[in-house]
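Step one of this worksheet: look at the structure below.
Nothing in this text is a laboratory measurement; each read-out follows from the coordinates by a stated rule. These figures come from a predicted structure and were not determined experimentally. Reconstructed Cβ throughout: ideal geometry from the backbone, glycine too, with neighbour counts over all protein chains shown.
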Amino acid sequence: MIYNEEFETLPREALEALQLKRLQQVASRLYHNVGFYKKSFDRAGVTPESLRTLEDLKRFPFTTKQDLRDNYPFGLFAAPMSNVVRLHASSGTTGASTVVGYTKRDIDTWAELMGRCFVAAGLTKNDVIHNAYGYGLFTGGLGAHYGAEKIGASVVPMSGGNTKRQIMILQDFRPTAICCTPSYALNLAEQGRAMGVDMRSLALRVGVFGAEPWSEQMRAEIEKAMNLKAFNIYGLSEIMGPGVAMECDEARDGMHIFEDHFLVETIDPETGEVLPPGAEGELVFTTLTKEAFPLIRYRTRDISRLNPAPCRCGRTHYRMGRVMGRSDDMLIIRGVNVFPSQIEAVLVGIEGLEPHYQLIVDREGTLDTLEVQVELTEKQFDGADEVKVLQRLENQLKKDMKDYLGITARIKLVEPKTIQRSEGKASRVIDKRKL
Ligand code: DLL
């Protein structure tokens, strides 16, 4: 199902013409209204008139997280505060938060795009959506909320945390869909089981999960635990919040980026050079319709790849692959680059281990070391008096990590329920090198 048939299936040529027109408008507005952009365009020797084709965007400077910080809190807003009706902020994993603003029209656009996401997952006004993304400065809760209302669904505004209560509501209200981070979905499933609730026989049929990297293996795990169809949704506060890209029910193979509102590029994170569609690189977004907080060529640090192939759902918008991780989360273990989500994919596949894990990175002399702490299942733990059995599991994980990822890690199997559970975004990596 498609929410906005006209715009989501625009033939490529018409889509690109629309993008160019919108790009010219936003560049001009920024150049004339935001001091930062006037300076940065001037420095690069470009003006809004330099944009004759979409290709010309390559000559424009990037905007970075640092630029947002330097202009904290409202320095990059392109609309007067009197027209701003909402503020959100992302705490980020590193450094000060960044603040984003929305006009009334921005909120309407966002609601429509989140509405498109829910419809892409097969939801309608007949669904009851349990929204366990955090409400507050985080964009997840309110973003999903407005989208759910937009399509006329009934929304249960749970927010994150209060896990036992969430389980009760899931039983009593019998929502047909749930939204939260994938790590919180696992937490919910586990707590439910501990409370003696059969999490497979709730009314849930769809899950809309995002806000953190996860793997196909994790998807299978969640689907099994909750008996639902899990979808991947992508977004970031700076660009809008959730609803920048979403998987479709027909293919569930990559997330369609709503290209009538966002122009996407992939670049080589080292050189800044634009890569052809299909190549793995850092995603860079330009917002085409935002009023309060438009951004030109914003570097996300997210590593993914674009898929320009037509999709059987009929949408013409390019798809992005799973985000492997952020370039600043990438671990370099003895020269080998690896993302936490790749380690997750390996350990979730091993019988006897739980999908609850933590990675401890440290340095011995000049060498980086990695310790993978992962929980044993209850069953495995109960029968674990035999050292041999544990040794075998440990060796298997070690071998798989070496075979699949080429990295050598220390493995520490820990008791069930000892790794901290997430209520929002999970923190998987403890980097002792920075302490
Ligand atoms: O996480 C917005 C969001 C809320 C997206 C709910 C989806 C669902 P931020 O807190 O600004 O915004 O964090 C954005 O989270 O740059 C990615 O690194 C990561 N991220 C978001 N969605 C995904 C995903 C929200 N599906 C940052 N897969 C982004 C992997 C994701 N990483």
- Item | Residues R59 and M81, FRET efficiency given R0 of 35 Å [Cβ-Cβ distance, rounded to 0.05] | 0.65
- Task: Have a look at segment 226-381 and give its Rg and Dmax from the Cα atoms, expressed in angstrom.
- Result: 18.3, 55
- Can you run phi through the Karplus equation (6.51, -1.76, 1.60; θ = phi - 60°) for segment 312-323 and list ³J(HN,Hα) in whole Hz, with x for Gly and Pro? 5, 6, x, 5, 9, 6, 4, 9, 10, x, 3, 6
- Item | Distance (nanometres) between label positions extended 7 Å along Cα→Cβ at S201 and K229 | 2.4 nm
- Note on the structure: So the angle from the long Cα axis of helix 216-226 to the longest Cα principal axis of the chain, reported in degrees to the nearest 10, equals 70 degrees
- Message: Going by amide H atoms built from the backbone, whose H comes under 5 Å of the H on D302, apart from near neighbours?
- Response: L283, S327
- Item | Ranked list, fewest to most other Cβ atoms within 10 Å of each Cβ, for E13, E423 | E13, E423
- Note on the structure: Rounded to the nearest 0.05, FRET efficiency between K432 and D42 (Cβ-Cβ, R0 35 Å) equals 0.20
- Query: For the chain, modelled as a Gaussian network with Cα springs under 10 Å, which listed residue fluctuates most, V346, V119, V128?
  - Reply: V346
- Query: Angle, helix 139-150 long axis vs. longest principal axis of the chain, Cα atoms, 0 to 90°, nearest 10?
  - Reply: 70 degrees
- Message: I'd like the per residue volume of the convex hull spanned by the Cα atoms of segment 234-310, given in cubic angstrom.
- Response: 90 Å³
- Query: What number, rounded to the nearest 500 deg cm²/dmol, is the helix-based mean residue ellipticity at 222 nm of the chain, given -39500 (n - 2.57) per DSSP H run of at least four residues and division by all its residues?
  - Reply: -9500 deg cm²/dmol
- Query: So which trypsin sites (Lys or Arg not before Pro) in segment 101-144 are both in a DSSP loop and have at most 14 other Cβ atoms within 10 Å of their Cβ?
  - Reply: K125
- Rounded to whole Hz and in sequence order, give me ³J(HN,Hα) for segment 47-54 from the Karplus expression 6.51 cos²θ - 1.76 cosθ + 1.60, θ = phi - 60°, writing x for Gly and Pro. 10, x, 6, 5, 8, 9, 9, 5
- Enumerate by residue number the trypsin sites (Lys or Arg not before Pro) in segment 317-356 meeting two conditions: DSSP loop (anything except H, G, I, E, B), and at most 15 other Cβ atoms within 10 Å of the site's Cβ. R334
- Message: Going by amide H atoms built from the backbone, whose H comes under 5 Å of the H on L236, apart from near neighbours?
- Response: G241, V244
- Message: Once you place label points 7 Å from the Cα toward the Cβ at R363 and R69, how far apart are they in nm?
- Response: 1.9 nm
- Message: My understanding is that a pair violates if its Cα-Cα distance is over 24 Å; which of K58/K434; K224/K402; K229/K417; K38/K104; K104/K150; K39/K425 do that in this structure?
- Response: K58/K434; K224/K402; K229/K417; K38/K104; K39/K425
- Query: Calculated FRET efficiency, D268 and A309, Cβ-Cβ r, R0 22 Å, to nearest 0.05?
  - Reply: 0.50
- Taking the Cα centre of segment 1-326 as origin, sum charge times position over the Cβ atoms of Lys and Arg (+1) and Asp and Glu (-1), and report the length of that vector in debye to the nearest 20. 560 debye
- Item | Cα point-scatterer Debye curve for segment 67-124, base-10 log of I(q)/I(0) at q = 0.19, 0.30 Å⁻¹ | -0.78, -1.12
- Item | Amide N of segment 40-84 lying under 12 Å from the label point, which is placed 7 angstrom from the Cα of H32 along Cα→Cβ | 48-49
- On each of the three principal axes of the Cα atoms of segment 306-347, give max minus min coordinate, whole Å, ordered largest first. 44, 22, 13
- Task: Would you mind ranking V46, V26 so that the residue whose beta carbon has the fewest other beta carbons within 10 Å leads the list?
- Result: V46, V26
- Note on the structure: Taking only the alpha-carbon atoms of segment 1-326, the convex hull volume per residue, in cubic angstrom, is 125 Å³
- Message: Kirkwood hydrodynamic radius, computed over distinct alpha-carbon pairs, for segment 203-245: how many Å, to one decimal?
- Response: 11.1 Å
- Hey, what angle do you get for helix 12-33 against the long axis of the chain, alpha-carbon based, 0 to 90 degrees rounded to 10? 70 degrees
- Surface/4 estimate of mean projected area, convex hull on alpha-carbon atoms of segment 331-434, nm²: 6.9 nm²
- A correct Karplus calculation of ³J(HN,Hα) over segment 367-379, with 6.51 cos²θ - 1.76 cosθ + 1.60, θ = phi - 60°, whole Hz and x for Gly and Pro, returns 9, 7, 10, 10, 10, 9, 9, 9, 7, 7, 5, 3, 4
- Distance in nm between label sites at R421 and E250, each 7 Å beyond Cα in the beta-carbon direction? 3.9 nm
- Find which of F36, L236, N4 sits farthest along the positive direction of the dipole of the chain, computed with +1 on the beta-carbon of Lys and Arg, -1 on that of Asp and Glu, about the Cα centre. F36
- Task: Take R297, R43 and order them by how many other Cβ atoms sit within 10 Å, fewest up front.
- Result: R43, R297
- Item | Nonlocal amide H pairs with F231, under 5 Å, H built at 1.01 Å | G207, V208, F209
